[in-house]
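Asker: First the structure, then my questions, so here it is.
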Amino acid sequence: MPQANSKPINDSGDPVRDCQLFLATVTTDIAAKFHPTQPVQPLLAERCAAVDTVLGHLWRHHLGDREDLCLAAVGGYGRGELYPYSDIDLLVLGEQAPDEATATGLSELLRNLWDMGLKVGSSVRTLDECGSLASDDLTIFTTMLEARWLTGGRSLFDQLEAVLNPERMWNSKLFYLAKLDETEARHDHFGNTENNLEPHVKNGPGGLRDIQVIGWIARRHYGVAIEDLDEVDFLNGDEKRMLEAGQNFIGQVRFALHTINERGEDRLLFEQQQKLAQLWEMVDGEKLAVEQFMQVYYRWAQALAQLRELVMQAFDRQILHPEAGTTSIAVNEDFEARGGLLSARRDDVFIKEPANLLRAFVILANSPEISGMAPGTWRLLRASHERIDPQFRADPVNQALFMELIRSPHGVTLQLRRMARHGLLGKYLPEFGRIVGQMQFDLFHAYTVEAHTLEVLANTRRFMRADYTDKFPVSTRIAQRLRAPELLYIAALYHDIGKGRGGDHSELGAVDAQGFCERHGLNRQDTELVVWLVRNHLLMSSFSQRKDISDPDEIQRFAAHVATQERLDYLYTLTVADIHGTNPELWNAWRSTLLRQTYTETRRALSRGLENPVDRQSVVDTTRAAAAELLEYRGFTSADIAPVWARRGDDYFLRERPDDIAWHTEAIADHSDLNTPLVLVRQSTDSTVANATQIFVHAPDQPDLFARVCAELEFLDLSVNDARVYLGSDGATLDTFYVLQADGNPVPGDSHTLNGISEVLTEALTNRKIRSVTRRTPRRQKSFVVPTETSVHQDERRGWTVLEIATPDRPGLLANLGEVFVAHDVALQAAKIQTLGERVEDVFFITSRDGKSITDPQRLSQLETAIKRSLDTGLQGDA
């Protein structure tokens, strides 16, 4: 509890002014004392003591010395933990409701506190009111549980403890169950993970609230603080020291957040993460300073979550199921099932037989009637970590046990998560240990590397379940016919394991994967497959989103790299699991369609044989024939079709579907005024392209057409996922855009919405205006202001120049690029748009205005320079 402050308040006759100066001096002194190498608790106690002094001073000034009224600190203030901008929670306890004079004095006191800049929460209650409210409201009861007398009638305050007696309300069982429900709801709100990109240091999993909850339960059940518990199943000395150190670190982070923000901010936002990394004196190296800092944070949050689980499990057994440990069923000579939990039969079970460190998880995976491990057994297991050394890893018995776990029909993900959470997976696979808590400072990855890895593994396991067929129909069908599913799981475990070391993580991971396979007795064929998957795990995603997958030549090159149907099946399932495990928001029907089309066309290429590539002209002829047949049903003759198609080149018939070509042709033929733009919009269910809405534009060619369309789509809060541009011999352009809403969801398919899009675009193209996009860059994206990167290469076959741009995402980006193209006489032929969190990686297929590739190095350099200047200047100005 806070000690009285050594410095008294000066008495100048103006108590409010005196208190304000006193508190300002103490606040400055405390801030100056803060350093990451020093414990934070003394600073919290010192601030508590200072506020105690202020309150005592003002209480005496406004209310004098009274025994019928008292002031108590509750909540965090009552606990003696007052951060720089924490709320000051107060309870005024009276024998009866305050009279007018008392109410006036209390009102003046509270007004003084607010005038001093303190954020005060207060309640005025009698003992009876406290009892009634606390019995009905868990939150009120919990705040009173930590009440601390400040001033006034002490005997009145002492009666509060009797009011809160467990025999009257919230006995330990009810309190535990209520806190358990409350904790689960809170964790659900934060995604049930300590690894959020912007964690909440107070309320998030692994945060300070988790520690407070176990403290409250201990106080309610045993009447003592958690650190004073001597119960056999609770924390031992090392665990108490870990709890204290973890609480200190998270507390330091919260203290720093309050100080930096000058307000009660408990979210560790991206912009604050960088500042705290500097405060902790971390510098960029192989890992960014911010990634180093966040790795420390995540590891402490995970350690605290482990301790919370250990204690809560012990609470569960002692409070809810005290009889559960009375009977046991032998599992083998080392383990038994007691109360549904796996328990060691001897304290030396891991010392005498280290293989039990892995065998325990194999038993759990193959024993659905055993729900987990007993707290005491967890403790023995954690204490035996050091038994996992090079000799342990090289032991064939242990290698066989790990492979038995990987091949188990059930519970693989759960057991590997448990092993990871308690540090065993990182001990057995040191390469996995290096990525624990490794963040990726971007908006693309929603999890730390090891959390992402285990989520990808979980996805591969889900593909084996029948109940996932509706969500991932293609992936589940392919995964369930894989020859050896464990090879997919191993590839998932190793695909990102090389991150954070510098260099190409795919190559580093492939080396580690090969070592694992060789150590664990996989044959040459299986080893080569796993290594190939890890090395190429990004290939299919990148190809489908950056290449023209309607081009048979591109598919042929991809098929030649994949080489076999087995590789294709494994790669497809790993790719889907990886994208969905990177960030669930990235997975949508558009990406699903791109991958499915890539898989289908590659499978066909492999079935034909790599020595028998598809003939481009035969694809063109087949597409034209199919489209002509559709148009024939709509009353068109060859003579009607010929003049429209004569203006289109072969690329149009290679890249477009027959039903889309028929749609375009009919619309163009029926459009009488060739000098006005034709804009059509239809729902994705009609266009057969995922859930992306298709926009068709046919208009006289104008240099700024792409920029104007993109500006209008931005204004409509739509994002372009794909764009195709076809310049006709008649001076008209035929463009198709596939769009989603900016948040990645489908555009509503009602006629009002679709007609509205058409009208807005038609007006913009008719009036030849470019709307200015003025929306500000979202807060989170402002933390990722990195220079734009460009690269250029030539597509010799098509005669196009391929321009790749990687840059931070922001409103109006495509319209901005379109204006640069206009200024440099660049014609856009096609675009592949890919947004990865805060970053876009777009590919533009461009030519000069005469349709020829741009090969002049000076002109290309000027174009790249103009793009970088335009995009980077705009971004910095907005930030």
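Asker: Taking the Cα centre of the range 574-672 as origin, sum charge times position over the Cβ atoms of Lys and Arg (+1) and Asp and Glu (-1), and report the length of that vector in debye to the nearest 20.
Answerer: 260 debye
Asker: Can you give me the long-range amide H partners of A732? Hydrogens built in the peptide plane at 1.01 Å from N, cutoff under 5 Å, separation of 5 or more residues or another chain.
Answerer: D701
Asker: Counting only residues 5 or more places away or on other chains, whose amide H sits under 5 Å from the amide H of Q829 once H atoms are built in the peptide plane?
Answerer: Under 5 Å from the amide H of Q829 lie the amide H atoms of F845, I846, T847, each far enough along the sequence or on another chain.
Asker: Right, here's the next one. Just the Cα atoms of the chain: what Rg and Dmax do they give in Å?
Answerer: Taking only Cα atoms of the chain, I get Rg and Dmax of 33.3, 105 Å.
Asker: Name the residue farthest towards the positive end of the dipole of the chain from the options T676, L574, A218, assuming +1 on Cβ of Lys and Arg, -1 on Cβ of Asp and Glu, about the Cα centre.
Answerer: L574
Asker: Turning to a different aspect of this structure: Can you give the net charge of the other residues whose Cβ lies under 15 Å from the Cβ of A466, counting K and R as +1 and D and E as -1?
Answerer: +4
Asker: At a probe radius of 1.4 Å, what is the per-residue accessible area of I226, in Å² to the nearest 10?
Answerer: Ignoring ligands and nucleic acids, I226 comes out at about 10 Å².
Asker: Oh, and also: Could you work out how far the C-alpha centroid of the range 227-266 sits from that of the range 437-506, in angstrom?
Answerer: 33 Å
Asker: Within the range 598-632, report the GluC sites (Glu not before Pro) that DSSP leaves as loop and that have at most 16 other Cβ atoms within 10 Å.
Answerer: Passing sites in the range 598-632 are E611.
Asker: Considering only C-alpha atoms, what is the centroid distance from the range 592-625 to the range 47-100, in Å?
Answerer: Distance between centres, Cα-based: 77 Å.
Asker: Quick one: check the C-alpha center-to-center distance for the range 741-763 versus the range 361-401, whole angstrom.
Answerer: Cα centroid to Cα centroid, the span is 56 Å.
Asker: Still on this structure: Over the chain, what percent of the accessible surface lies on carbon and sulfur atoms, probe 1.4 Å?
Answerer: About 49 percent, which is the carbon plus sulfur part of the accessible surface.
Asker: Right, something else. Any idea of S638's accessible area? Nearest 10 Å², probe 1.4 Å.
Answerer: Approximately 100 Å² for this residue.
Asker: Relative to the longest principal axis of the C-alpha atoms of the chain, give the angle of the C-alpha long axis of helix 396-406, reported between 0 and 90° and rounded to the nearest 10°.
Answerer: Here the helix axis deviates by roughly 70 degrees.
Asker: Further question: Quick one: angle between helix 658-670 and the longest Cα principal axis of the chain, in degrees between 0 and 90, rounded to 10, please.
Answerer: 70 degrees
Asker: Would you please name the GluC sites (Glu not before Pro) within the range 304-386 that are DSSP coil residues with at most 16 other C-beta atoms within 10 Å of their C-beta?
Answerer: Of the GluC sites (Glu not before Pro), the ones in loops of the range 304-386 whose Cβ has at most 16 other Cβ atoms within 10 Å are E323, E333, E369.
Asker: Which residue, L529, Q252, M294, has the largest displacement toward the positive end of the dipole of the chain when charges sit on each Cβ (Lys, Arg +1; Asp, Glu -1)?
Answerer: Sorting the options by dipole projection puts first L529.
Asker: Using modelled amide H (1.01 Å from N, peptide plane; none on Pro or chain starts), what sits under 5 Å from the amide H of T151, excluding residues fewer than 5 places away?
Answerer: Sorted by chain and number, the residues that satisfy this are L71.
Asker: Taking only protein heavy atoms and a 1.4 Å probe, what accessible area per residue, in Å², does the chain have with all protein chains in place?
Answerer: Ligands and nucleic acids excluded, the result is 42 Å² per residue.
Asker: Restricting to DSSP H runs of at least four residues, report the calculated mean residue ellipticity at 222 nm for the chain, -39500 (n - 2.57) per run over all residues, nearest 500 deg cm²/dmol.
Answerer: Calculated mean residue ellipticity at 222 nm is -16500 deg cm²/dmol.
Asker: Additional query: Please identify the GluC sites (Glu not before Pro) of the range 498-577 that satisfy two criteria: DSSP loop assignment and at most 10 other Cβ atoms within 10 Å. Which are they?
Answerer: none
Asker: Next up: When only Cα pairs under 8 Å and 6 or more residues apart are kept, what is the percent relative contact order across the chain?
Answerer: 6 percent
Asker: Could you tell me which of the pairs K275/K868; K202/K471; K202/K352; K287/K352 are separated by over 30 angstrom between their Cα atoms in the structure shown?
Answerer: K202/K471; K202/K352; K287/K352
Asker: Treat every Asp and Glu Cβ in the range 293-401 as -1 and every Lys and Arg Cβ as +1, leave all other atoms uncharged, and give the resulting dipole magnitude about the Cα centre to the nearest 20 debye.
Answerer: Taking the Cα centre of the range 293-401 as origin, the dipole is about 280 debye.
Asker: Then there is this: Heavy-atom accessible area of H189 with all protein chains present, probe 1.4 Å, nearest 10 Å²?
Answerer: Accessible area, nearest 10 Å²: 140 Å².
Asker: On a 0 to 90° scale, report how tilted helix 813-823 is relative to the longest principal axis of the chain, with both axes built from alpha carbons and the result rounded to the nearest 10.
Answerer: It is inclined by approximately 40 degrees.
Asker: Can you compute the charge dipole magnitude of the chain about its Cα centre, using +1 on each Lys and Arg Cβ and -1 on each Asp and Glu Cβ, nothing else charged? Give it in debye, rounded to the nearest 20.
Answerer: 1460 debye
Asker: Got a sec? Charge dipole of the chain, +1 on Cβ for Lys and Arg, -1 for Asp and Glu; which of V283, A305, L364 is way out at the positive end?
Answerer: L364
The values are calculated or read from the model by the stated rules, or taken from the named source; none is laboratory data. Please read these numbers as outputs of a predicted model, since none were measured by experiment. Reconstructed Cβ throughout: ideal geometry from the backbone, glycine too, with neighbour counts over all protein chains shown. With ligands, DNA and RNA removed, areas are computed over all heavy atoms of the protein, side chains included. Shrake-Rupley method; radii C 1.70, N 1.55, O 1.52, S 1.80 Å.
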